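Right, one structure below, let's go through it.
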Amino acid sequence: MAGAAARRIEIFMGLYDFTFYDLIARNAVCFGDQSAWFEVDADRTITFLQYKEMVDRLAFGLHNIGIKKGDRIGVVGKNGLEYFLLYGAAAALGAILLPINWRLSADEAGYNLNDCAPELIFVDPEFQELVNGLKADLPSIKRYYNLKNEGGTFLGFDDLINKPGEFEVVDVSNHDNFVIIHTAAMEGRPRGAVLSQGNLLCAGLHLNYCFHLTEKDVHLNFLPLFHVGGLFMAISSFMAGALNVNMSKFDAEKAVDLIKMKKVTLFFDFSPILASILEQQEKTGQDINGIRAVMGLDTPETIEKYQRVTGGTFYSIYGQTETSGLATMGRYNDRPGSAGKVVPLGDVRLVDDYDRPVPAGHVGEITMKGPLVFKGYWNLPEDTAYTFREGWHHTGDLGRFDQDGFLWYAGRKAEKELIKPGGENVYPAEVEKVILQHPDVEKVAVFGVPDPKWKEGIKAVCRLKAGKHLEARELIRFVGERIASYKKPQYVEFVSDFPSLEDGSPDRVKIKDLYGGLQDT
């Protein structure tokens, strides 16, 4: 009887599940012959029905080589149809996609791959030399595949997708793990944030709600699919029956051409993307007035210029990978400078260091609960438990609510200080660790400074060892050779007066007060 009861509960629970693969099946019915994906580089268009058929074939091919529910699938590549098909096939099988930031160094990419032990990996031809160099240190990976249909030396993508047979649906829950996205390195190591099928769909619904998306919309998809911004914008557009116009990499000239040609209506922005589009539009005089909505992070000057030029709306947000990219959002003009209000299916509370709520107007740590909150850090139960203490996800970010409920971002907690150049996340401690490897550097403090191009730049203040001399450009090159290029400082200042605390560690408050400008020496 107990077994029968358990089976009835299992069936009953499945009745209420809905996954990304269920959405794919639903869209094949609702939007069948409408265009779902336009691939700029290959000049090809795929309908919603064709997308489902290709996902089914790919899922069948992956199943044939032994991929099962819970297995990880690594991906190193730029945006493309095959990448998006892998998300669909992983959802169908209950597998977990592990997208790797292709801008990482070999050591960083190798760490993230080993951290999650994927069964196989898909790699763009241009990154296969990097991955080949890591093979000896990747014992879990049994097969290496090309991410593209053409080029490369790994097994062919077509070998999987063209196998004869019919895919049999796997029992997958909306609570099952779906994607692992590594966050910026903290205390010397990145952490894999695990997002569920339900996280992904909830984020998509919120973006649909915010943008009022319909099947007539066109999304210009240029943010990388290893980033929550790129992934969830693609998903939300797909959810609405809108067209995703895919660029493998952002290029302002090409973007402006596509905005006009494909009648683009929305995209996600990190500085300096929007500014470069507006600059290109000024040069060419092309009509970009169809862009009715842009969401993201940018300077007030760029946002207001975009709204003047196009008449469109800019949407401000606050979120992180661990909150599926969203916690608050709203129209920029409703409260310029704020990050909007709490999303409909989210509960955000600001707390002090003892987890006591703080009143409006006071700064506190941003904590959140609800269906957008991730499932935890991969294989890090203690970190997860600490982050989820008191039943709330602790973001490490600071903010304040005004009397009308708008959130104002107020930086990071001291122990979790974060720099965001161009939308990427960089922890100062990671950069400092590399700089201190240079034989001429005695002490260093790294922090964020205002930057006209990236909105926030990385500055390193260094004290050299006695008798040593070092050029800023030499140190910048030294860092860029050891970690991802976007993590290297744009600004370096060598100083003799380097304030320290009693324990010898940098006095960051005083250092920022003294050297918070952009001097590069």
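Here are the numbers:
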| item | result |
| --- | --- |
| Candidate aspartates and glutamates - alpha carbon under 13 Å from residue 283, same-chain residues fewer than 8 apart omitted | 253, 257 |
| Residue 34-residue 485 FRET efficiency (beta carbon distance; Förster radius 56 Å; 0.05 resolution) | 0.90 |
| Read-out Cα extents along the principal axes in Å, derived from the coordinates shown; its label in [x] 71, 57, 54; [y] 76, 50, 49; [z] 64, 57, 48 | [x] |
| Over the chain: helical MRE at 222 nm, DSSP H runs n ≥ 4 each giving -39500 (n - 2.57), nearest 500 | -9500 deg cm²/dmol |
| Computed label-point distance, nm, for sites residue 354 and residue 385 using a 7 Å Cα→Cβ extension | 2.4 |
| Euclidean distance between Cα centres, segment 470-521 to segment 343-390, Å | 31 |
| Average silhouette area of segment 301-435, convex hull of alpha-carbon atoms, in square nanometres | 10.0 |
| Long pairs among 305/453; 413/512; 69/420; 249/459; 78/163, criterion Cα-Cα beyond 23 Å | 69/420; 249/459; 78/163 |
| Segment 133-197 - percent relative contact order, Cα under 8 Å, separation 6 or more | 20 |
| Fully extended contour minus Cα-Cα distance, from residue 334 to residue 496, at 0.36 nm per residue | 53.7 nm |
| Once the Cα gyration tensor of segment 28-153 is diagonalised, semi-axes √(5λ) in Å | 26, 17, 11 |
| Rounded tilt (10° steps) of 300-310 against the dominant C-alpha axis of the chain | 40 |
| Net lengthening on full extension, residue 403/residue 453 (0.36 nm per residue, minus Cα-Cα) | 14.7 nm |
| The chain: angle of helix 197-211 to the longest principal axis, Cα-based, in degrees nearest 10 | 80 |
| Between 0 and 90°, nearest 10: helix 228-240 axis offset from the chain longest Cα axis | 30 |
| Dimensionless Rg ratio for segment 280-347, taking C-alpha atoms and the 2.2 N^0.38 Å reference | 1.25 |
| 13 Å Cα-Cα reach of residue 455 towards aspartates and glutamates, excluding residues that sit fewer than 8 places from it in its own chain | 269, 298, 301, 424 |
| Residues residue 308 and residue 212, FRET efficiency given R0 of 30 Å [Cβ-Cβ distance, rounded to 0.05] | 0.85 |
| Modelled FRET efficiency - R0 30 Å, residue 45 with residue 282, Cβ distances, 0.05 increments | 0.50 |
| Segment 391-484: GluC sites (Glu not before Pro) in DSSP loop, at most 14 other beta carbons within 10 Å | 471, 481 |
| From phi via Karplus (6.51, -1.76, 1.60), per-residue ³J(HN,Hα) for segment 456-466 in Hz, x at Gly/Pro | 9, x, 9, 10, 10, 9, 10, 10, 8, 5, 3 |
| Two-site label geometry, residue 437 and residue 253: point separation in nm, points 7 Å out along Cα→Cβ | 3.7 |
| Additional length obtainable on full extension of the chain from residue 505 to residue 363, 0.36 nm per residue less Cα span | 48.5 nm |
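Every read-out reported here was derived from the displayed coordinates using simple, explicitly stated rules and does not represent laboratory data. Since this is a predicted model, take the numbers as computed values, not measurements. Virtual Cβ from ideal backbone geometry, glycine too; neighbours counted across all protein chains shown.
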